[in-house]
Amino acid sequence: MPYRLDLLPPHTVDKTAPTNWSNKAKVCPQLLGDVQPNSNCSALLRCRPVARIWTVVLLLGTCLLYCARVAMPICAVSMAEQFGWSKRESGMVLGSFFWGYCFTQVFGGYVSDRVGGEKVLLLSAAAWGSMTAFTPILAHFCSQPILSMTLARFLMGLLQGVHYPSLASLCSQKVVESERGFLMSTVGSGSYLGTLVIGGAGSLMLDLYGWQSVFYVSGLLSVLWAYCMWKYLLKGEGPIITLESLGSSGAQSKLTKRHWLRLLKQPAVCAVIVTHLCTASTFFTLLSWLPTFFKDTFPDAKGWVFNVIPWLVFFSMGVSSVFTLLLCGTTTFPWAVAFVSATMGLTTFSHSGVSVNVQDLAPSCAGALFGVMNTCGAFSGVLMVYFSGYLIEATGSWASVFALITTVNLLGLCTFLAFAEARRVDIDSTKFRHHNIHI
């Protein structure tokens, strides 16, 4: 049985240092819950908080990721009024994020599989946090705000695109299989928590201090998170990604072109890609357009209500489509909030299941495969966000948008039910050994 390791990659561990976490872990030969009477319990207690701390830190990082990401949709109505944007132009700004999001998914997973996901997470968080904080400055000092904001959102997508592939790589390499579902569902819930926080606090800041404050606060908090992670968890090590580290990939990430072709021909792999494509595209569309929908349909409603309540519900894909379809008809504000809450809450089941399924199917290249999957989802998100803006202007009704979301959701559900499975399909599982932690 392999001894437990914390989330630090092997090449950052000083084997001679008596206070190193890896050396502490070696005196904990048993996995949690399987401790013998003669085990060093004090050392075990020192090991156990490490996994918990990392879980909380990654949850907080994902929360801040969405605080920065959702800042633009929350402020889009105010910015459109100030800069005179049409619905189509607002859709272009909102959708540009996903164009950038497409390009770094596979790259982020590829690099994470080789150098460690924690390095990629740290570098990207410092970058997208800084970009968020500088967004208002770019808007005011550019003669064409529509161009600067489109470019800023594109860069945000590039920088945030590596986050989830890095998490998937980190989880597949360092977490025991039985605990991956817990970790990914816990950390994944940070997306809804972040949307909840920025929906409430952001709406208040928007009303009291203007839309600029939303970007400043969320950006600076993200940079602070990256600094604390580097200072206190990585102990000031790195993060330096060299060409040598990229070239010296271990067995964990060595898959040939032939293996990739065989992998992508597996029905279960195609099913999880299509399902994530449908889930992500509908989620991104709702995330981008819901604040505008409520402002247009219920102009007297309080922003913190419809930006917070839908994200308080944590409940999948097929049932959520029913509530989305109900939005097509004429409804009151309370019922609209209830339907949206049920829709967003039920999609959390789909997110947790699909994210873990990738690690079940291909743990040797989970980061890169998740990158492929997320690229497809982001690209479809680009098309749906922009196309939704076109539908709203062309039809003058939100019913067409919600009908489209329902159709795409049901397509993903049918595909997953027909072809999905949890059997490993990448390579022979006896060829590789993984260092695991237990959370």
Compare Arg423, Arg153 by solvent-accessible area with a 1.4 Å probe and give them largest first, with all protein chains kept in place.
Arg423, Arg153
Pairwise FRET efficiency - Leu383 versus Arg262, Cβ, R0 = 22 Å, nearest 0.05
0.15
Taking amide H atoms as placed 1.01 Å from N in the peptide plane, list the residues 5 or more away in sequence, or in a different chain, whose amide H sits under 5 Å from that of Val175.
Ile437
From the phi angles alone, apply the Karplus equation (6.51, -1.76, 1.60; θ = phi - 60°) to region 261-266 and give each ³J(HN,Hα) in whole Hz, x where the residue is Gly or Pro.
4, 5, 5, 6, 8, 6
Using the per-residue mean of other Cβ atoms lying within 10 Å as a proxy for protection, in what order, highest first, do the peptides 66-78, 201-213 fall?
66-78, 201-213
Distance between modelled label sites at Ala418 and Gln144, nm, 7 Å Cα→Cβ extension:
4.5
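The values are calculated or read from the model by the stated rules, or taken from the named source; none is laboratory data. These numbers come from a predicted model, not from an experiment. Neighbour counts are summed over all protein chains in view; Cβ atoms, including those assigned to glycine, are modelled from backbone coordinates with ideal geometry. Side chains are part of the model used for accessible areas, which takes the heavy atoms of the whole protein and leaves out ligands, DNA and RNA. Shrake-Rupley method; radii C 1.70, N 1.55, O 1.52, S 1.80 Å.
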